[in-house]
Amino acid sequence: MISLKNIDKTYVSGSVETPALRGISLEIQEGEFVAIIGPSGSGKSTLMNIIGMLDTPTAGIYVFDGQDVSTLSDDELATIRSHKIGFVFQSFNLLPRTNVERNVVLPLVYSEEPDALRNGTVHTALIAAGLPEDQWGKLSNQLSGGQMQRVAIARALVNDPRLILADEPTGNLDTKTSEVILQTFERLNRQDHRTIILITHEPYIAARADRIIRMQDGKIVEDSKTQKSVKAAHYV
């Protein structure tokens, strides 16, 4: 699904150049659950932005779903993002004085789906994200942190994407709520066969994935299967 070859990313401010990624080569297969881990400044969020087509590399080749995205226009990239990729962020990014259902429907506003079908699509996404129905009519600023993140997950799912990119999705949550959110991602991967890429700086969170990519100073320094993945393969 994802193939990166010799990806560099350098940010330029005046005469100062700051390299964020240095020669990243990486392949991720459809249906994998991958954690990208590293300290602040390691390049993990920059890598996620490039994978999600929110940023472009300075050099290198990025092939997504068999297509070299460097040849695509901004409109074509936006079309891929809206149909094939869902984003979940640490800060939720919800509209505060808007209810749950209207927050989730936002990605469908510019889609071709008929209005009559949108409510069903939104409700399906909310059920998949595990938010109880009695919360759907509430304003987002009336919800707990865990509930807001479930709304954000539902919004990421509403276009039925094949890839979900989650940037520190448990960063603002307590341990118990984080566990619920991680279980949600595991279920979306196992039952719905969605590809999950999760960015974190916490080893215990990364261990929930099947594969860990460790970054430092803009480079991949380790790419390994987790014990969870090894055990799963043993029982197949």
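The values are calculated or read from the model by the stated rules, or taken from the named source; none is laboratory data. Everything numeric here is computed off the predicted structure, so don't read it as measured data. Note that each Cβ is placed from the backbone with ideal geometry, even for glycine, and that neighbours are counted across all protein chains shown.
Key figures for this structure:
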{"read-out": "Number of the exception - S42 against (1) farther than 26 Å from I205 by Cα; (2) touching a strand residue (DSSP E or B) at 6+ places or on another chain (Cβ under 7 Å); (3) among the hydroxyl-bearing types (S, T, Y); (4) surrounded by 15 or more Cβ atoms within 10 Å (Cβ to Cβ)", "value": "(1)"}
{"read-out": "Positions within the range 94-116 being modelled with pLDDT under 90 and more than 15 Å from L157 (Cα to Cα), in sequence order", "value": "P96, R97, Y110, E112, P114, D115, A116"}
{"read-out": "Scan of the range 9-57 for residues that are free of Cβ contacts under 8 Å to residues at least 40 places away in the same chain and of a type in the set (D, E), ordered by number", "value": "E17, E27"}
{"read-out": "Leading residue by the ranking (surrounded by the fewest Cβ atoms within 10 Å (Cβ to Cβ)) among those in the range 60-73 that are in a loop (DSSP other than H, G, I, E, B) and not polar (S, T, N, Q)", "value": "G66"}
{"read-out": "Matching strands (runs of 3 or more DSSP E) fully within the range 1-59 where at least 3 residues are over 21 Å from N189 (Cα atoms)", "value": "2-13, 16-28"}
{"read-out": "Qualifying residue in the range 8-29 (condition: closer than 22 Å to T195 by Cβ, modelled with pLDDT under 95 and acidic (D, E))", "value": "no"}
{"read-out": "Count - residues of the range 196-236 that are under 13 Å from I37 (Cα atoms), out of contact with any strand residue (DSSP E or B) (no Cβ under 8 Å at 6 or more places or on another chain) and either in a strand (DSSP E or B) or at pLDDT below 90 (or both)", "value": "1"}
{"read-out": "Members of the range 148-185 found to be under 23 Å from Y204 (Cβ atoms), of a type in the set (A, V, I, L, M) and without any contact (Cβ under 8 Å) to a residue 60 or more places away in the chain, listed by number", "value": "M148, L173, V180, I181, L182"}
{"read-out": "For I50: the one exception among (1) more than 28 Å from T79 (Cα to Cα); (2) in contact with a Pro (Cβ under 6 Å, 6 or more places away or on another chain); (3) aliphatic (A, V, I, L, M)", "value": "(1)"}
